[in-house]
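Structure, as structure tokens:
The values are calculated or read from the model by the stated rules, or taken from the named source; none is laboratory data. These numbers were taken from a predicted model, which means no experiment stands behind them. Ideal geometry is used to build each Cβ from the backbone, glycine not excepted, and the neighbour counts take in all protein chains shown.
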């Protein structure tokens, strides 16, 4: 366990090297947070409630999703795929650690950095500009934080599986682009899933994508409380276990027939 803690810690330290890039990303996220917040306010000019969100909750949802972008990493995560293409995966597989656990620890360390240095500053900016709805009780805060960890794990399992296809295709980025688009739309990043028709919501909640963004954002704005919040957390947990289990199974199959490009 100490090994994986150290891997996570070093992943966090690694991100500290990119302060300028993070500041640029923070500015971009803040800009789009402002635009999306303004759009939500415009939506609520003619009504006081849409799908259970009032104006403040809608604006808060917009800022929460912006804050989640880099924590969840919906796109451009190709670290495993790159090791497969370069052949470094052979070295990784020969080391005495759990391969999937190593990458999960690394991703959790990366996510922890963005919680502190991207998400919190963004939410504080949103509070300054619009006045956000924050969790109003210790229980709500706990549910939101548990959901955030589970969201990272579910997202990691999905991204890891996409990266593993490089064992067969060498380049997983084409499939990854489609996967990212699906995650953005069905995950609640573009608009809340609760804005969808009931029949489409039923389909979306049967997929893992809502666990990425919709669930932690809903718990942040307290759109779901009590047993409804527990049900969402349980759904995230099921997807986390399922995707990690599938990722482990695919890893075992893939490593039996490793094909390395260029070495």
> Counting residues that are without any contact (Cβ under 8 Å) to a residue 12 or more places away in the chain and over 21 Å from residue 81 (Cα atoms), which helices (runs of 4 or more DSSP H) fully inside segment 142-215 reach at least 3?
Replying inline: 198-204
> Considering only residues of segment 78-99 that are in contact with a helix residue (DSSP H, G or I) (Cβ under 7 Å, 6 or more places away or on another chain) and surrounded by fewer than 21 Cβ atoms within 10 Å (Cβ to Cβ), which is nearest to residue 124 (Cα to Cα)?
Replying inline: 78
>> Just to be sure I understand the filter: pairs with C-beta atoms under 7 Å, separated by 6 or more residues or on different chains, first member in segment 231-258 and without any contact (Cβ under 8 Å) to a residue 40 or more places away in the chain, second member assigned to a helix (DSSP H, G or I). Which pairs pass?
In response: 235/211
> Does residue 126 fit the bill of being assigned to a helix (DSSP H, G or I), touching a helix residue (DSSP H, G or I) at 6+ places or on another chain (Cβ under 9 Å) and farther than 28 Å from residue 250 by Cβ?
Replying inline: yes
> Of all residues in segment 166-190, which are buried (at least 20 other Cβ atoms within 10 Å of the Cβ) and more than 20 Å from the chain's Cα centre (by Cα)?
Replying inline: 166, 167
> Within the group 104, 74, 26, which residue is modelled with pLDDT under 85, out of contact with any strand residue (DSSP E or B) (no Cβ under 8 Å at 6 or more places or on another chain) and surrounded by 17 or more Cβ atoms within 10 Å (Cβ to Cβ)?
Replying inline: 74
